[in-house]
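First up is the structure itself, then whatever we jot down about it.
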Amino acid sequence: MIKSGALLLLGSPRAHVQDWFPGLRIDLDTTTGARDVRYRGEKVVTLSGADLLRERSPENVYIVGSGPSVRNCDLSRLEEGSAILLNGAITLIGEQIAMPLAIAIEDERFIWRHFDLVKEKVAADTVCLLSVAVLRAICEHDRRWLRDKKVVLIDYIRKPYGERRRSIDMIARFDFVVLNEDRSAAISLLPDRGVVQGGSVAVSVLQFALYCRPRTIGLFGIDISNADQPRFYETGKQTAFSGIAGAEKRIVAHLVLAKKTAGEHNVEVMNFSPVSILVDHGFGYDGRFAVLKDDGSALPSP
């Protein structure tokens, strides 16, 4: 109702007000530059910047999605504090992943379905990359949970907090935004000034990872090709709706541009999913983390 009402009353340029309505506000202290998240007038947390993530990043950073292929990867071999876990990949915390570099959630529906899991798995002092809508959803559940987390805002450059929607022509004027030739995809080199939303949280997080300037960025579970199958942590009866399949072309265009841009900054982007659609778009496949059978052969792909 809020989503429909915002579009009807405010029009497309300001319909994203729905992300912070009702009750969420982000205040800027013009003296210190600090940004405070407030909910219904109460201060909840002070936002951190992307520099915090960069300071904590090792030379190899891994982005772990929720695709079925994760089941056949041995993530226990990753360096501690090197993985950014997307959505349900937080189930790996305390199991294959002792401590992540960060967690990332940009779809508020994940909070509505799995906030108990988030509370169970995400420890104090964890870097949490969260969208405006996710911040509001968490506050509606339990705003106190945010107080001991290091929250970095995922703000969309085309639909920024507190401002009108921007066109492609408008963001093309920013010197930190890179677009492909037909302007079907773009990425931001300064995520604190906004990221480009590309149909998947993986696109947003890749922009943060590139900002950290690691030697390599590895992708796990960014399958896309099997979006109709349960995520690695789901069963058939528990599978939530996924819009990945419908956004496939858009996601791939943004990831291809991100890989190209990363290469221009001496950062290698690697794919560790044998079934990822990215294999057909210049990413290849690296099997170094594949779970092997007793005879040394790889397990069959999901």
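Apart from one condition, M99 fits all of (1) in contact with a helix residue (DSSP H, G or I) (Cβ under 8 Å, 6 or more places away or on another chain); (2) open to solvent by 10 Å² or more (accessible area, probe 1.4 Å); (3) of a type in the set (A, V, I, L, M, F, W, C); the exception is (1). Here is the figure for the stretch 57-71: residues that are within 19 Å of S276 (Cα to Cα), open to solvent by 10 Å² or more (accessible area, probe 1.4 Å) and modelled with pLDDT of 95 or more total 1.
Considering only residues that are under 16 Å from R215 (Cα atoms) and open to solvent by less than 20 Å² (accessible area, probe 1.4 Å), which ones fall in the stretch 250-271? Show your work before the answer.
Going residue by residue through the stretch 250-271, those that are under 16 Å from R215 (Cα atoms) are 258-271.
Selection gives A258, T261, A262, V267, V269, N271.
Going by the conditions given, is V279 outside any loop (DSSP other than H, G, I, E, B), modelled with pLDDT of 95 or more, surrounded by fewer than 19 Cβ atoms within 10 Å (Cβ to Cβ) and on the phi < 0 side of the Ramachandran plot?
yes
The values are calculated or read from the model by the stated rules, or taken from the named source; none is laboratory data. The model shown is predicted, which means the values in this text are computed figures rather than measured ones. Here the Cβ is made from the backbone with ideal geometry for all residues, glycine too, and neighbour counts use every protein chain on show. Note: areas computed on protein heavy atoms with side chains; ligands, DNA, RNA excluded. Shrake-Rupley method; radii C 1.70, N 1.55, O 1.52, S 1.80 Å.
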